[in-house]
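Asks: One structure, pasted below without further comment.
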Amino acid sequence: MAERKGGVFAAAAFVTVAVCMTPARADEGHSYSGDGGYVADFYLIGGQYQLYEYAKLGPAAIRLHHSCIFGGHFSRLLPDQETMRMGPVTIATTLVPYRINLNSVAMPAGLYRLYIASSTDCPWSFDVISTQENPSGVASVQMVKMNGTDRHLTATASLADTVEFSADFRTDHNAVEQVSGNMQILHEGEIVRDVPLQSGTAVPLRGNFFYGNVQWGPSDAKYVGTNTVKFAVKIGPKEFTSTAEFTLTQ
């Protein structure tokens with residue numbers, strides 16, 4: 001989900017429930033904050049989004065040198081590339097912070113990256129939240145390793161890893177709807193895992209998402225190579241499928 005490159009950011013409260021026709025009111029969103037460099041990759045379902053960026057002169061900068069630096073960019077990496085730069089700016093007064101506030105901006109589905117430069121020493125925050133204009137949907141499945149503290153996106157895991165597969169979702173125009181889902185892992189077309197999905201939210205970092213955890217072991221050596229993970233989910237009356245490929249190594 002995110003790779004920390006320094007700075008301080010708010011701790012997330014993680015809430016999880018089993019998904020068996022669970023009622024949910026879900027918008028899609030990602031929020032980050034800190035006071036230094038930071039990198040986070042995440043998928044968006046696509047549609048209309050609120051985009052908010054903010055940086056200010058903090059107490060530490062006032063005490064040390066009376067100014068601070070903020071800079072970075074927000075980019076779409078896949079399926080094609082596009083970048084919106086943020087700064088760089090020098091903030092020398094508490095009266096004039098750096099702010100971008102877009103109430104409705106169109107963003108295609110894809111993989112996005114928030115990059116805050118390592119030279120940044122201003123307190124900052126960043127939010128991208130889907131609006132109520134959007135229909136229900138599910139983002140691409142992503143995988144993170146659960147072994148360490150840096151839970152960044154990866155497409156490769158070893159037999160010693162525990163991984164989490166997840167996909168963000170939203171309900172139709174943020175209405176309360178029943179949600180359910182199932183995860184399958186396939187190797188050479190054969191189903192090797194078939195488990196119910198759970199849903200969770202990691203406030204304030206992430207909106208609602210489906211997820212399933214897998215702990216690999218020596219007995220899974222026969223699945224070394226390319227595999228496919230498939231989420232089959234239902235949000236209200238609509239059904240969605242989201243898949244991704246990953247590589248399992250020794």
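The values are calculated or read from the model by the stated rules, or taken from the named source; none is laboratory data. Everything quoted here is computed from the prediction, not taken from an experiment. Here the Cβ positions follow ideal geometry from the backbone for every residue, glycine too, while neighbour counts run over all protein chains shown.
Asks: If I filter segment 121-130 for residues that are free of Cβ contacts under 8 Å to residues at least 40 places away in the same chain and assigned to a strand (DSSP E or B), do I get at least one hit?
Replies: Let us first name the residues in segment 121-130 that are free of Cβ contacts under 8 Å to residues at least 40 places away in the same chain, namely none.
Checked against the condition, which is being free of Cβ contacts under 8 Å to residues at least 40 places away in the same chain and assigned to a strand (DSSP E or B), segment 121-130 yields no hits at all.
Asks: Please enumerate the residues belonging to segment 43-82 that are closer than 22 Å to residue 129 by Cβ and either at pLDDT below 95 or of a type in the set (D, E, K, R) (or both). Before the answer, list the steps.
Replies: Step one: list which residues in segment 43-82 are closer than 22 Å to residue 129 by Cβ, which gives 43-56, 70, 72-78, 82.
Listed by number, the residues that qualify are 53, 56, 76, 78, 82.
Asks: Only one of these is assigned by TED's automatic domain parsing to the domain that holds residue 66, closer than 25 Å to residue 246 by Cβ and touching a residue at least 24 places away in the same chain (Cβ under 8 Å): 92, 155, 109. Name it.
Replies: Details: 92 fails: closer than 25 Å to residue 246 by Cβ; 155 fails: assigned by TED's automatic domain parsing to the domain that holds residue 66.
Checking each option against the conditions leaves just 109.
Asks: Scan 94, 83, 90 and give me the residue that is polar (S, T, N, Q), part of a loop (DSSP other than H, G, I, E, B) and within 30 Å of residue 60 (Cβ to Cβ).
Replies: On the way: 83 fails: part of a loop (DSSP other than H, G, I, E, B); 90 fails: part of a loop (DSSP other than H, G, I, E, B).
Just a single option satisfies the conditions, and that option is 94.
Asks: Residues that are polar (S, T, N, Q), over 30 Å from residue 221 (Cβ atoms), touching a residue at least 60 places away in the same chain (Cβ under 8 Å) and part of a loop (DSSP other than H, G, I, E, B): does segment 165-172 have at least one?
Replies: Of segment 165-172, the ones polar (S, T, N, Q) are 166, 171.
Now narrow it down to the ones that are over 30 Å from residue 221 (Cβ atoms): 171.
Next, only the ones that are touching a residue at least 60 places away in the same chain (Cβ under 8 Å) stay: 171.
From the residues that got through so far, the ones that are part of a loop (DSSP other than H, G, I, E, B) too are 171.
Yes, segment 165-172 contains at least one residue that is polar (S, T, N, Q), over 30 Å from residue 221 (Cβ atoms), touching a residue at least 60 places away in the same chain (Cβ under 8 Å) and part of a loop (DSSP other than H, G, I, E, B).
Asks: Answer yes or no: is there a residue in segment 219-232 that is of a type in the set (Phe, Trp, Tyr) and in a helix (DSSP H, G or I). Walk me through it before giving the result.
Replies: We begin by selecting, within segment 219-232, every residue of a type in the set (Phe, Trp, Tyr); these are 223, 231.
Next, from what is left, pick out any that are in a helix (DSSP H, G or I): 223.
There is at least one residue in segment 219-232 that is of a type in the set (Phe, Trp, Tyr) and in a helix (DSSP H, G or I).
Asks: Does segment 178-198 contain any residue that is within 18 Å of residue 137 (Cβ to Cβ), touching a Leu at 6+ places or on another chain (Cβ under 9 Å) and of a type in the set (S, T, N, Q)?
Replies: So far as segment 178-198 goes, yes, one or more of its residues are within 18 Å of residue 137 (Cβ to Cβ), touching a Leu at 6+ places or on another chain (Cβ under 9 Å) and of a type in the set (S, T, N, Q).
Asks: Right, something else. Based on what the data block shows, is residue 220 of a type in the set (Asp, Glu), surrounded by 13 or more Cβ atoms within 10 Å (Cβ to Cβ) and more than 18 Å from the chain's Cα centre (by Cα)? Break it down into steps so the answer makes sense when it comes.
Replies: Values: of a type in the set (Asp, Glu): yes; surrounded by 13 or more Cβ atoms within 10 Å (Cβ to Cβ): yes; more than 18 Å from the chain's Cα centre (by Cα): yes.
Here the answer is yes, as residue 220 does meet what is asked.
Asks: Separate question: Out of 201, 241, report the one residue that is in a strand (DSSP E or B) and at pLDDT below 95. Write out each step before concluding.
Replies: Numbers: 241 fails: at pLDDT below 95.
Exactly one of 201, 241 is in a strand (DSSP E or B) and at pLDDT below 95, namely 201.
Asks: When you go through (1) free of Cβ contacts under 8 Å to residues at least 24 places away in the same chain; (2) within 14 Å of residue 124 (Cβ to Cβ) one by one for residue 82, which number turns out not to apply?
Replies: It is condition (2) that residue 82 fails.
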